[in-house]
Amino acid sequence: MTRIALCVFLLAVILAVSCAPRCAAAQMKRDAAPDTTQTSDTSHARMDTLFHMTKDPLKATLLSTFLPGAGQIYNQDYWKAPVIWAACGFFAYLFITYNNQFVHYQSLYFNSPDSTIRGSQQYFNLKESYRDARDMDGAYFFMVYVLNIADAYVSSHLFDFTVSDTKLVRGLRLDPYIGTPGANRADGAGLQLQIRLR
């Protein structure tokens, strides 16, 4: 269970960290882009251009489906691809190793000259434990694979995402204080959180 939680946590951190540089880069692109509104000489009507996504979510999803990590490379998240390859490789290696041990102990169990009908209980327990470990690592591999596809899809949608300056948190302060009775503070100690939006 701890491996599942660790995998989910690591992939959530990867998703969260990957959005910050992209948001700043997209904001710089928009600031440098020329004005997209045009006025006609005769009607003076304003024509707005429609938003067009830079990255295609379907293409990113298909790339990550057929080759894990390829959608991340397409979305220019180059550092995510080796992380995905390492996670997939690790769980594939464990799956193959545990499967080989399962097959080995299964053959020993069925071929053991023991007094019981089906073989030694020790071989049976080993066979079952390796089967369980193999199945869990197969599930972990599948989770990494699905999260890889979801990350490629979400990252392609967020590629052009920007946060305007008016909605950013400008100031966030966390100050300890020791209060005295009076004005607006209570008697005692605590933390004061101030958020300034503009």
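Remarks
- Here the condition is being of a type outside the set (A, V, I, L, M, F, W, C), surrounded by fewer than 13 Cβ atoms within 10 Å (Cβ to Cβ), at pLDDT below 85 and over 25 Å from the mean Cα position of the chain (by Cα); of GLY119, GLY182, it holds for GLY182 alone.
- Among the numbered conditions (1) part of a helix (DSSP H, G or I); (2) touching a helix residue (DSSP H, G or I) at 6+ places or on another chain (Cβ under 6 Å); (3) touching a residue at least 24 places away in the same chain (Cβ under 8 Å), the only one that VAL83 does not meet is (2).
- Top-ranked residue in the stretch 43-60 [being assigned to a loop (DSSP other than H, G, I, E, B), modelled with pLDDT under 75 and not aromatic (Phe, Trp, Tyr); ranked as nearest to TYR74 (Cα to Cα)]: LEU50
The values are calculated or read from the model by the stated rules, or taken from the named source; none is laboratory data. Being a predicted model, the structure only gives us computed values, none of them experimental. Glycine also receives a Cβ, built like all others from the backbone with ideal geometry; neighbour counts cover every protein chain displayed.
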